[in-house]
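Note sheet for the following structure.
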Ligand code: F6R
């Protein structure tokens with residue numbers, strides 16, 4: 001049941017501290033290590049998923065070059081073009097909340113046929129994906145009823161980060177700090193939910209009549225921006241596009257005029273300064289500049305409306321910054337009179353190609 005909450009999506013956004021805590025508690029170090037070992041030995045690392053699950057995968061893809069690994073992110077429905085690459089020296093990580101998305105399952109079948117070992121990250125025990133993979137790592141978000149993925153996304157990000165940290169440990173790095181960071185994720189999410197809901201709600205009111213918005217970010221903030229834009233489209237039916245902030249100059253900026261909303265995601269510490277120059281360019285064209293920024297930083301001053309997010313390390317910042325974007329989409333849907341739990345044209349699980 002909705003347990004007193006107006007919608008499942010709202011309940012599930014608020015449940016994230018708990019879903020992250022149960023996911024962290026349920027992660028089995030031996031399984032993570034088995035996956036990390038396979039990862040480190042791989043020639044290519046395919047990261048495959050659809051929609052929100054693909055976005056979670058992109059966050060891991062961003063980290064892998066640091067391990068001298070070659071990530072090949074694949075939108076599940078587009079796997080065919082990559083088929084000639086698939087080989088027994090490769091490893092794949094398939095991300096799917098339901099474990100039943102046909103595009104992801106087909107990609108996994110094609111990979112395994114050619115000898116690729118596959119680790120699944122899924123929220124559903126006994127799902128098709130879990131049965132058809134070599135190794136399964138479960139997120140423990142609990143059932144997600146709202147059609148828009150929220151708590152399953154943040155638990156995927158936590159799980160994939162834990163896999164990355166496990167690989168770092170195998171390589172002999174001191175990971176104590178990063179382990180502390182991951183452990184603190186549920187508390188971080190709790191503070192984010194408490195501190196950002198009010199601003200997200202006010203902002204949703206201001207976006208109510210907007211036909212369109214951009215979401216911009218650099219580095220690991222880009223997949224967070226993509227996820228924010230997807231949420232807004234899905235439940236509020238406002239056209240939203242995410243671009244790498246730097247790429248926005250190469251065309252998308254042409255659309256920007258007075259009051260055009262541009263949401264900047266400042267989750268990635270390594271790219272914040274460069275993102276500021278994109279804020280200036282957009283503001284010069286009259287954009288309504290919005291952003292998720294670390295609390296007590298100067299970034300807020302550069303924006304028209306800033307959602308201040310408790311400061312977080314680089315692995316958990318995507319979790320901290322996506323939560324207010326989920327809320328923004330939720331409140332925008334409600335403001336516009338739509339039921340965020342039942343977006344038109346969408347099914348919770350897509351079982352046709
Ligand atoms: C977004 C959403 C979809 C799913 C996608 C993959 O809110 O719900 O984009 O993320 O259909 O679903 P799973 O993760 O079940 O494979």
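Each value in this text was obtained by applying a stated rule to the coordinates, not by laboratory testing. The shown structure was predicted, so the numbers you read here are calculated from the model rather than taken from an experiment. In this analysis, Cβ positions are derived from the backbone assuming ideal geometry, glycine residues included, and neighbour counts consider all displayed protein chains.
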Of all alpha-carbon pairs in region 262-303, indicate the percentage at a distance above 14 angstrom. 38
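Pairs of Cα atoms under 8 Å, at least six residues apart: use those to get the relative contact order of region 256-315, whole percent.
On the way: 97 pairs, mean separation 21.2, N = 60.
Relative contact order for region 256-315 comes out at 35 percent.
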Rounded FRET efficiency, nearest 0.05, which uses the C-beta distance separating residue 66 from residue 301 and R0 of 22 Å: 0.10
Region 197-317: C-alpha gyration tensor shape, a/c 1.5 cut-off, then a/b vs b/c: rounded
Span from the region 1-79 Cα centroid across to the region 311-342 one, whole angstrom: 18
Where the eigenvalues come from the Cα gyration tensor of the chain, what are the semi-axes √(5λ) of the equivalent ellipsoid, largest first, in whole Å? 31, 22, 20
Give me Rg over Rh for region 273-353, both radii from the alpha carbons and Rh done the Kirkwood way, two decimal places. 1.08
Which whole-number percent gives the relative contact order of region 6-75, counting Cα pairs below 8 Å spaced six or more residues apart? 29
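Can you tell me the order of 266-279, 55-68, 202-215, 7-20 when each peptide is scored by its average per-residue count of other Cβ atoms within 10 angstrom, highest first?
Peptide ranking by packing, descending: 7-20, 55-68, 266-279, 202-215.
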Simple spin-label model, 7 Å along Cα-to-Cβ: residue 257 to residue 78 in nm? 3.1
Compute the helix-to-body angle for 151-170: its Cα long axis versus the longest principal axis of the chain, expressed 0 to 90° and rounded to tens. 50
At R0 = 35 Å, how high is the FRET efficiency between residue 30 and residue 145 if r is their beta carbon distance? Nearest 0.05 is fine. 0.65
Mind pulling the angle between the C-alpha long axis of helix 272-284 and the longest principal axis of the chain? Nearest 10 degrees, somewhere in 0 to 90. 40
If a/c stays under 1.5 just call it rounded; otherwise compare a/b with b/c (prolate if a/b is bigger, oblate if not). Do that for region 104-173, with a ≥ b ≥ c from the square roots of the Cα gyration tensor eigenvalues. oblate
To the nearest 10 degrees, the tilt of helix 317-335 (Cα long axis) against the first principal axis of the alpha carbons of the chain is 50
Pairwise label distance in nanometres, residue 110 with residue 183, each label 7 Å out on the Cα-Cβ vector: 4.3
Model label zone, residue 41; criterion: amide N under 18 Å from point 7 Å along Cα-to-beta-carbon; scope region 111-152: 112-120, 133-137
Could you work out [θ]222 nm for the chain from helices alone, using -39500 (n - 2.57) per DSSP H run of at least four and dividing by all its residues? Round to the nearest 500 deg cm²/dmol. -13500 deg cm²/dmol
